[in-house]
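The values are calculated or read from the model by the stated rules, or taken from the named source; none is laboratory data. Note that the structure is a prediction, hence the values are computed from the model and not measured. So basically every Cβ, Gly included, is an ideal-geometry build from the backbone, and we count neighbours across all protein chains shown.
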Amino acid sequence: MHRANQLPIVLSSKEIKVRQPINLLKFLAIALVFPLIGGIASPSFAGLKQNSQLTVEIKGLKNRQGQVCLSLFASSRGFPSNSSNAIQSQCVAIATMPLTVTFKNLQPGSYAVAVLHDTNSDKKANRNGLGIPLEGFGFSENPVILTGPPRFNDAAVLVAGSTTNIQIQLNYLLGG
């Protein structure tokens, strides 16, 4: 409950109590400047949008057969196996080892990357009869794989500034 002489104002999901009425222009100025001062620039304000990029170095490739396919997710929806829910996807030939791939035109935020060494270039994660992957795979943040794919939060990386660099180590469960 608020006292009569205090007006609640919500900025960045925190309530601030103001003892005197605040005029609308001052409120808007505070609302626009506060995130910048606090170092948590919000991409939801037009004019504050920033193009960032995420550069992924893929290590541990067993050979240069086929291609490497990457899917970039901005949420848990579809992660890691449904690339139709990815915000960006690309397959690249293996020209160098380790291989470097860049995702461009990203807004600052949390993302997760799923990588597949698609040795037969069919753009599918091939599995044996028991469901064990036959090709190399990896995820941002290199989470430990025990009984299944990681959750989005276990693989999420923060993309901020102009360039964020990460490394992903591939796993080959059946020798690759």
Problem set entry | Count of segment 145-159 residues which are in a loop (DSSP other than H, G, I, E, B) and surrounded by fewer than 20 Cβ atoms within 10 Å (Cβ to Cβ) | 6
Problem set entry | Within segment 101-143, considering residues that are among the hydroxyl-bearing types (Ser, Thr, Tyr), within 18 Å of Arg77 (Cβ to Cβ) and free of Cβ contacts under 8 Å to residues at least 60 places away in the same chain, the one surrounded by the fewest Cβ atoms within 10 Å (Cβ to Cβ) | Ser110
Exercise. Residue check: is Leu61 at pLDDT 95 or above, within 21 Å of Asp122 (Cα to Cα) and of a type in the set (A, V, I, L, M, F, W, C)?
Worked result: yes
